[in-house]
Ligand SMILES: N[C@@H](CCC[C@H](N)C(=O)O)C(=O)O
């Protein structure tokens, strides 16, 4: 099976081309592919399939040719992956599978159709305006932190840290606790601190994330959008540009009442053949 490896600010993916939806992808195969010792290693898998050929996307086939079939490293499915959409688009354009029209390209995801803009360095995606849905607390290493629940197509809990706690000190080797009644399908938890001014941005924050189904990752695009929405709200704004620094680099999020553009690098680093039968499934 042919594969490509790519990442967006260190959030890395195995990309599997399957245009006609013939591959029998299972949670066990995905988890084995993402295994960093016995497989290729990644935070998730992006299967590249025509929307018309996948049951979860056939309803979008009139609006988008390609469906990002996203899987977390543990083999679970997720509705959205912001960095995934950007890396997926890099794969489509590099391989001549899609051409933006008037600068934008529609892409089907489980959370609906998103619009992507592809540049030579950066790729930006509009995930739509994040919806702030309520509050919850996260528990991490004996700390209880208040947070804001945000829907970016997938669920997030954004926890600003009190001044007394330093971002690097958090132990994210274990999943933070949360209320399953608030997040019945699990949640991605972001921890945030403010940072100094950055040219071109209204706000600047530092973020770490523990992703549902993947553990701590170097970056989460939808998480950056959730964090930007909360940072703007807390600053009394409904729109603006937020620079979100994650362990893997910088994402720039531009929010208004209707849209949330997530921009950053998207890089393909390797391609090759994987013997699926040899994986530890
Ligand atoms: N890293 C992604 C989010 C991937 C899905 C997430 N783990 C979930 O289960 O919702 C991003 O860049 O948005």
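The values are calculated or read from the model by the stated rules, or taken from the named source; none is laboratory data. Just so we're clear, the structure is a prediction, and the values are computed from it rather than from any experiment. Cβ placement follows ideal geometry from the backbone for every residue including glycine, while neighbour counts extend to all protein chains displayed.
Below, the figures for the structure above:
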item: Condition broken by residue 263, with the remaining ones in (1) in contact with a helix residue (DSSP H, G or I) (Cβ under 7 Å, 6 or more places away or on another chain); (2) not in a helix (DSSP H, G or I) satisfied; result: (1)
item: Selection count, segment 151-179, where residues are within 15 Å of the ligand (Cβ to nearest atom) and either on the phi < 0 side of the Ramachandran plot or in a strand (DSSP E or B) (or both); result: 11
item: Boolean, residue 77 is within 14 Å of the ligand (Cβ to nearest atom) and free of Cβ contacts under 8 Å to residues at least 40 places away in the same chain; result: yes
item: Whichever residue in segment 5-24 is in a strand (DSSP E or B) and in contact with a helix residue (DSSP H, G or I) (Cβ under 6 Å, 6 or more places away or on another chain) and, among such residues, is nearest to the ligand (Cβ to nearest atom); result: 11
item: Filter pass, residue 82 being within 16 Å of the ligand (Cβ to nearest atom), buried (at least 16 other Cβ atoms within 10 Å of the Cβ) and in contact (Cβ under 8 Å) with a residue 60 or more places away in the chain; result: yes
item: Test: residue in segment 136-150 that is within 29 Å of residue 66 (Cβ to Cβ), in contact (Cβ under 8 Å) with a residue 12 or more places away in the chain, within 16 Å of the ligand (Cβ to nearest atom) and buried (at least 16 other Cβ atoms within 10 Å of the Cβ); result: yes
item: Hits in segment 25-49 (condition: part of a strand (DSSP E or B), away from the ligand (no atom under 16 Å from the Cβ) and in contact (Cβ under 8 Å) with a residue 40 or more places away in the chain); result: 48
item: Residue 52 in contact (Cβ under 8 Å) with a residue 24 or more places away in the chain, assigned to a helix (DSSP H, G or I), away from the ligand (no atom under 16 Å from the Cβ) and not assigned by TED's automatic domain parsing to the domain that holds residue 253; result: no
item: Condition check for residue 189: within 16 Å of the ligand (Cβ to nearest atom) and in contact with a helix residue (DSSP H, G or I) (Cβ under 6 Å, 6 or more places away or on another chain); result: no
item: Residue in segment 219-233 that is surrounded by 16 or more Cβ atoms within 10 Å (Cβ to Cβ), part of a loop (DSSP other than H, G, I, E, B) and away from the ligand (no atom under 16 Å from the Cβ) present; result: no
